[in-house]
Amino acid sequence: MTGRSGTMENFGIILIKCLFISIALFHTHGLKKNGHPFIINSVSNPFPLVVNTWDFTNATLKAWQALSEDKRTALDAVEVGCMQCELEQCDFTVGYGGSPDENGETTLDAMIMDGKSMDIGAVGALRRIKHAISVARYVMEYTEHTFLVGDQASAFAKAMNFPEEPLYTPDSHAKWREWIHFNCQPNFWKNVSPNPKQSCGPYTPNQNSLRKSTKRGSSSFNEMNHDTIGMIAIDTEGNIAAGTSTNGANHKIPGRVGDSPIPGSGAYADNEVGAAAATGDGDVMMRFLPSFLAVEEMRKGFQPDIAGQYAMRRIAKFYPKFMGGIVVVNKDGQYGAACHGLSKFHYSVGSEDLGGVKVLTTPCINEYL
């Protein structure tokens, strides 16, 4: 019996040693998923923290300063960070003067979510009001509603003392005129006459075309039409907020609202788990609620990178040509990103561990292409 006991004891020691070796290798080399490194961003001093889509570093810095210097809340950080992009017209896909619709008008979508209370404010197709993210916060804080749209959202903003002003610029008007000149290409119509691939409207329904395959073709979205800043912030109290701001898809059909202001699609936050924010082909992405899905995957115990990859794969299974990206943060301050349809995806992070703001890059999943 003594010999058997000694053998079991030695076996246990070996198992423990193997476990420690595995942990050491993991932290040194990370895991790999489809040949790409998967590294958990372990942080020694996680809060405050800001993570946002794309290399919109001035927005990241504005939010980071609100948290680290001014000691403001996560909600404040998301608002001022997204507002910075609205002022700068980040890539002309956020704020005024970008992405004119078929009538040449720029309209705005935005949302903000409080991960502590689960309160949300959102606006869609907002007209003639420049700071959509702030209007969204007013919806959250001064109404019992979640979402206001169109002219009625603008009327609410005016009642809350937001100034009304044109959102078009000479540049956006020129882009619209050029689009008209080239037969309104590309556009977002299908199954209509005349052929939307060759001419402008007005269009009428084409029943014969409808009977044929309506599978979505190549996406009209790319790196310069990704249409959203999505931002996540965690303040020194550990409270989480997330938000988005965008002027939507270039040359969209008037009245179109994308994924950005849709809770669970554009962004989602839950203090008990973490948050996510997405960007890309919104008409497709909103059908899958990728931000909510990523947060729920973290609730199951998955790390941010893997949760984001799962959300992207869910979409790509049905729409292999879609373009999109997602940033994901858990409640412990670990963060990551995932993407599809691009070679790589840039995202910005502000944290003490990084010494401020830094742009990070992740390779994209393109296995369905």
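The values are calculated or read from the model by the stated rules, or taken from the named source; none is laboratory data. The shown structure was predicted, so the numbers you read here are calculated from the model rather than taken from an experiment. Glycine also receives a Cβ, built like all others from the backbone with ideal geometry; neighbour counts cover every protein chain displayed. Just so you know, the surface numbers come from the protein's heavy atoms only, side chains and all, with ligands and any DNA or RNA stripped out. Shrake-Rupley method; radii C 1.70, N 1.55, O 1.52, S 1.80 Å.
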### Query
Between a first residue in the stretch 293-316 that is within 15 Å of PHE345 (Cβ to Cβ) and a second residue that is assigned to a loop (DSSP other than H, G, I, E, B) and open to solvent by 10 Å² or more (accessible area, probe 1.4 Å), which pairs have beta carbons less than 7 Å apart while being 6 or more apart in sequence or on different chains?
PRO304/GLN334; ILE315/PHE288; ALA316/TYR368
### Message
I'd like to verify a number: residues in the stretch 181-198 that are within 20 Å of ALA249 (Cβ to Cβ) and either surrounded by 15 or more Cβ atoms within 10 Å (Cβ to Cβ) or in contact (Cβ under 8 Å) with a residue 12 or more places away in the chain (or both), how many?
### Response
12
### Query
Does any residue of the stretch 304-320 turn out to be in a strand (DSSP E or B) and buried (at least 24 other Cβ atoms within 10 Å of the Cβ)?
no
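To keep it simple, each residue is scored yes or no on (1) at pLDDT 95 or above; (2) in a helix (DSSP H, G or I); (3) over 25 Å from ALA338 (Cα atoms); (4) open to solvent by less than 10 Å² (accessible area, probe 1.4 Å).
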{"position": "VAL51", "(1), (2), (3), (4)": "yes, no, no, yes"}
{"position": "ALA66", "(1), (2), (3), (4)": "yes, yes, yes, yes"}
{"position": "MET83", "(1), (2), (3), (4)": "yes, yes, no, no"}
{"position": "SER117", "(1), (2), (3), (4)": "yes, no, yes, no"}
{"position": "GLN152", "(1), (2), (3), (4)": "yes, yes, yes, no"}
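Restricting attention to the stretch 337-359, which residues are farther than 22 Å from PHE322 by Cα and of a type outside the set (S, T, N, Q)? Steps first, please.
Just the residues of the stretch 337-359 that are farther than 22 Å from PHE322 by Cα, to begin with: 348-359.
Of everything in the stretch 337-359, those that are farther than 22 Å from PHE322 by Cα and of a type outside the set (S, T, N, Q) turn out to be VAL349, GLY350, GLU352, ASP353, LEU354, GLY355, GLY356, VAL357, LYS358, VAL359.
Taking the options GLY333, GLY325, GLY350, name whichever one is in a loop (DSSP other than H, G, I, E, B), touching a Leu at 6+ places or on another chain (Cβ under 8 Å) and either more than 26 Å from ASP91 (Cα to Cα) or open to solvent by less than 60 Å² (accessible area, probe 1.4 Å) (or both). Can you show your working first?
Details: GLY325 fails: in a loop (DSSP other than H, G, I, E, B); GLY350 fails: in a loop (DSSP other than H, G, I, E, B).
Testing whether each residue is in a loop (DSSP other than H, G, I, E, B), touching a Leu at 6+ places or on another chain (Cβ under 8 Å) and either more than 26 Å from ASP91 (Cα to Cα) or open to solvent by less than 60 Å² (accessible area, probe 1.4 Å) (or both) leaves just GLY333.
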### Task
State all residues of the stretch 83-120 that are in contact with an Asp or Glu (Cβ under 7 Å, 6 or more places away or on another chain) and not hydrophobic (A, V, I, L, M, F, W, C); if no residue qualifies, say none.
THR93, GLY95, GLY97, SER99, THR107, GLY115
### Query
Looking at the stretch 282-298, is at least one residue crowded, with 24+ Cβ neighbours inside 10 Å and in contact with a Pro (Cβ under 6 Å, 6 or more places away or on another chain)?
no
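How many residues does the stretch 336-347 contain that are over 17 Å from GLY274 (Cβ atoms) and either crowded, with 17+ Cβ neighbours inside 10 Å or among the aliphatic types (A, V, I, L, M) (or both)?
The first filter runs over the stretch 336-347 and keeps only residues over 17 Å from GLY274 (Cβ atoms), leaving 339-346.
Next, only the ones that are either crowded, with 17+ Cβ neighbours inside 10 Å or among the aliphatic types (A, V, I, L, M) (or both) stay: 339-342, 345-346.
Selection size over the stretch 336-347: 6.
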